[in-house]
1. Scan I180, I113, I166, I123 and give me the residue that is assigned to a strand (DSSP E or B), among the β-branched types (V, I, T) and either closer than 20 Å to Y70 by Cα or open to solvent by less than 40 Å² (accessible area, probe 1.4 Å) (or both).
2. Could you check how many residues of the range 139-163 are among the hydrophobic types (A, V, I, L, M, F, W, C), touching a residue at least 12 places away in the same chain (Cβ under 8 Å) and in a helix (DSSP H, G or I)?
3. Please verify whether L76 is in a helix (DSSP H, G or I), open to solvent by 40 Å² or more (accessible area, probe 1.4 Å) and either of a type in the set (A, V, I, L, M) or under 30 Å from C135 (Cα atoms) (or both), treating the condition exactly as stated.
4. In this structure, does V136 turn out to be in contact with a Cys (Cβ under 9 Å, 6 or more places away or on another chain) and either without any contact (Cβ under 8 Å) to a residue 24 or more places away in the chain or at negative phi (or both)?
5. Do the conditions hold for V118, that is, is it closer than 20 Å to Q79 by Cβ and part of a strand (DSSP E or B)?
6. Only residues that are closer than 23 Å to A137 by Cα and either open to solvent by 50 Å² or more (accessible area, probe 1.4 Å) or more than 21 Å from the chain's Cα centre (by Cα) (or both): list them for the range 89-108, please.
7. F138 is checked against (1) touching a strand residue (DSSP E or B) at 6+ places or on another chain (Cβ under 7 Å); (2) under 30 Å from G94 (Cα atoms); (3) surrounded by fewer than 18 Cβ atoms within 10 Å (Cβ to Cβ) and fails just one. What number does that condition carry?
8. Considering (1) under 18 Å from S121 (Cβ atoms); (2) surrounded by fewer than 16 Cβ atoms within 10 Å (Cβ to Cβ), say which one I148 fails and leave the rest.
Amino acid sequence: MNKRMKRNLMILTVALFVSAAAYLNWNYAQSAANTGKILGESALVNGGGSSLEEDDDGQEVFSAGGSDDYFDTARLNRQESRDNAVSLLQEAAGDKNADQETRNDANAQMQQIADNTVTESTIENLVMAKGYEDCVAFVNEDSVSVVISKTDSGLENSDIAKVTDIVMEETGLTADKIKIMEAN
């Protein structure tokens, strides 16, 4: 295999892993938002309201801290997916056998991941500043998904407009590239 084919194969492999990580993260966020707790299912223990308690019969039961668990778990999974992608990109960028273009591409992708991380954090903070209890944002190359905490009256058009404005301002994307949903 010549150098160019190796470089293209490496770039394709890294892009595939990054895409797979983003899809798995998005898919997990979708399923977590649409499913309830199942007895015996493992839960993230985060010290923020989760505890081991006794029920009426003296049996120990795990008490999860409510909807915060979804947001904490989604953030953790998003970070783990990113860490895996960055690790692969660092390998590609540090490969002594890789040509300069491959290294530059890997570094550019790592910079994009860093930019997405900052954008997600900014979106989450601005949405919470608008009065929502919590939210988590998933920024991809050409789309954004935002999950906000449950509101008393349910997700209304005014809520969607507020969040859409924030995302459009921070990303430059059009409204058709933005998905907003309420956590169950």
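1. I180
2. Here the count works out to 2.
3. The answer is yes for L76.
4. No; evaluated as a whole, the condition is false for this residue.
5. Criteria not met by V118.
6. Of everything in the range 89-108, just one residue is closer than 23 Å to A137 by Cα and either open to solvent by 50 Å² or more (accessible area, probe 1.4 Å) or more than 21 Å from the chain's Cα centre (by Cα) (or both), namely A108.
7. Here F138 clears every test but (3).
8. Only one criterion in (1) under 18 Å from S121 (Cβ atoms); (2) surrounded by fewer than 16 Cβ atoms within 10 Å (Cβ to Cβ) is unmet by I148, namely (2).
The values are calculated or read from the model by the stated rules, or taken from the named source; none is laboratory data. Please read all numbers here as calculations on a predicted model, not as lab measurements. Positions of Cβ are backbone-derived with ideal geometry, glycine not excepted, and every protein chain shown enters the neighbour counts. Side chains are part of the model used for accessible areas, which takes the heavy atoms of the whole protein and leaves out ligands, DNA and RNA. Shrake-Rupley method; radii C 1.70, N 1.55, O 1.52, S 1.80 Å.
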